[in-house]
Amino acid sequence: MIKVCKFGGTSMADGMTMRRVKEIVEGDSSRRYIVVSAPGKRFGADVKITDLLFETHKTLAQTGTCGEPFRRVKERFRVIARELEIGIDIEALLSATEEEIVRENNVAFTVSRGEYLAGKIMAALLGIPFVDAKDAVLFEKGKAAGLKSYVRMAESLRGLPRAVIPGFYGADEEGKVSVFSRGGSDVSGAIVARAVGADLYENWTDVSGFLACDPRIVDDPVRIRSLSYKELRELSYMGANVLHSESIFPVREADIPIRIKNTFRPDDEGTDILPASKYRFSGRVVTGIAGKKNFAVIFIEKSLMNTEIGFARKILTVLERLGVSFEHMPSGIDTMSLVIDEAELKDGVREQLVEGIREAVAPDTVRLFENVALIAVVGHGMSRSVGTSARLFEAIARVGVNVRMIDQGSSELNIIVGVDNENYERTVKAVYEEFFKRE
Ligand code: ASP
């Protein structure tokens, strides 16, 4: 059994939390490959090491030295090394790193040093080898190369039964460091899991998994014990953020499950994210509810639209020309709607889009509604149970909310409803009540 464990920033925040990490790793001999984030926040107003490193890069660009931000970085690592009493010459490591940052003078290199230093310290604490992600995660054209990266990682780890690998970065063929987008250590962990053919990818964070609903809207929502990759994709796309969205791909292809675990409550079960082959129906109709505000819906109506060949293409060409991406496209016989994130419609694009559609297809009506919130009700169970949508819409009607739009995914995995922004919280609460409290 091989487990790959990724520990996030709060798990790496200081010496005490790193000791917890050591306990967790050593508590299970199958936890063999450890991927770490840079130290994150120790308390609400604290600053993450990665943010200090972004500041360091700015200071370097302006003054030619790493200045105050890097002084703070060094101080945090010094304190950590002292707390842990590890046999590492931290001063030498920090000054060599500072010199390299100045020499490289490259933002990706600078911001990757948080994971690099944290990895060095964690390897010393666990007494196992450190494998630099620079030699193990391959980037091509700014993105991690799929298969080639897994091969390179596997080669770097060959002959090593255990190792620590820093998250968040890799390098291109020339050895130039690149980083993932923020939170990218999740992706690094998934690459390691894939490369070593792990049985499980454990992602250790500061929450005990996914909740069925946003806890800022519903008090104490139930935790999702397990969900499929597809359900996760739907929920995280709609704002349920625990994992970096790209971290699913390497492990999903290889049917490796992910388990979200809480470093601060290691006995909590967490949430399992399972490939289709391992997924078992939980008995719940709905797995989770997620949503986001601030969408616009363009409603287009034209008699006999269904017979007009190329109608949708003409509309989509207008979007393409204006560089606007759309989220959903529910349609009826003579109607079609496009749901677009309002952020896409700045600087006159809104007007150009409506005008462009008018010119392209001469519709009977084209109208744009704004301030629409989307709520995704997600669950494989919905396709198994009759009457789910009736229950959903009755629940929404009971609280007097008008539904502006409905879109049901073709896989029957989700139903998306659009309501006015101001009704968002009320609707989420009502849907949660219906599917989680009444069952
Ligand atoms: N340290 C990086 C960040 O703050 C990457 C990570 O933690 O996953 O975004």
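Nothing in this text is a laboratory measurement; each read-out follows from the coordinates by a stated rule. Note that this is a predicted model, so its numbers are computed, not measured. Neighbour counts run over all protein chains shown; Cβ positions are idealised from the backbone, glycine included.
Which residue, Phe139, Phe180, Phe43, has the most motion in a Gaussian network model of the chain that connects Cα atoms within less than 10 Å?
For the chain, modelled as a Gaussian network with Cα springs under 10 Å, the answer is Phe43.
Mind listing the long-range amide H neighbours of Ala145? Cut-off is under 5 Å, sequence gap 5 or more, other chains count too, H placed in the peptide plane at 1.01 Å from N.
Placed amide hydrogens put Leu138, Phe139, Glu140 under 5 Å from Ala145.
Within a 10 angstrom radius of the beta carbon, how do Met122, Met329, Met336, Met305 rank from fewest other beta carbons to most?
Starting with the residue having the fewest Cβ neighbours, the order is Met329, Met305, Met336, Met122.
Rounded to the nearest Å, what's the spacing between the alpha carbon centres of region 187-252 and region 270-298? Just the number, please.
Their Cα centres are 10 Å away from one another.
Given R₀ = 35 Å, FRET efficiency for Arg158-Glu75 by Cβ-Cβ distance, to 0.05?
Plugging the Cβ-Cβ distance into 1/(1 + (r/R0)^6) gives 0.40.
Give, in nm to one decimal, the length gained when the segment between Glu68 and Asp220 is fully stretched (0.36 nm per residue of separation minus the Cα-Cα distance).
Net length gain for the segment: 50.6 nm.
Can you tell me which of Leu345, Leu227, Leu94 moves the most in a GNM of the chain? Springs connect C-alpha atoms under 10 Å apart.
Leu345
Treating the angle as unsigned and between 0 and 90°, give the value, to the nearest 10°, between the Cα long axis of helix 107-126 and the longest Cα principal axis of the chain.
Helix 107-126 sits roughly 60 degrees off the main axis of the chain.
Test of understanding: ordering Phe54, Phe281, Phe210 by Cβ neighbours within 10 Å, fewest first, what list do you get?
Fewest-to-most ranking of Phe54, Phe281, Phe210: Phe281, Phe54, Phe210.
Pick from Arg284, Arg162, Arg103: which residue has the top mean-square fluctuation in a GNM of the chain where Cα pairs under 10 Å get a spring?
Arg103
When a footprinting reagent is the concern and you count Cβ atoms within 10 Å, what order do Arg426, Arg313, Arg216 take, fewest first?
If I rank by nearby Cβ atoms, fewest first, I get Arg216, Arg313, Arg426.
Given Lys6/Lys134; Lys230/Lys292; Lys302/Lys346; Lys6/Lys429, which pairs have Cα atoms separated by over 22 Å?
Flagged as over cut-off: Lys302/Lys346; Lys6/Lys429.
Residue separation times 0.36 nm, minus the C-alpha to C-alpha distance between Ser282 and Glu320: what's the value?
Result for the pair: 9.6 nm of gain on full extension.
For Glu100 and Asp206, what does the FRET efficiency come to when R0 = 35 Å and r is the distance between their Cβ atoms, rounded to the nearest 0.05?
E(calc), rounded to 0.05, equals 0.70.
Just from its helices, what would the mean residue ellipticity at 222 nm be for the chain, if runs of 4 or more DSSP H residues each count -39500 (n - 2.57) and the sum is divided by every residue, rounded to the nearest 500 deg cm²/dmol?
One gets -12000 deg cm²/dmol as the mean residue ellipticity at 222 nm.
Could you work out the relative contact order of the chain? I mean the mean sequence separation of Cα pairs under 8 Å and 6+ apart, divided by the number of residues, in percent.
Relative contact order here is 13 percent.
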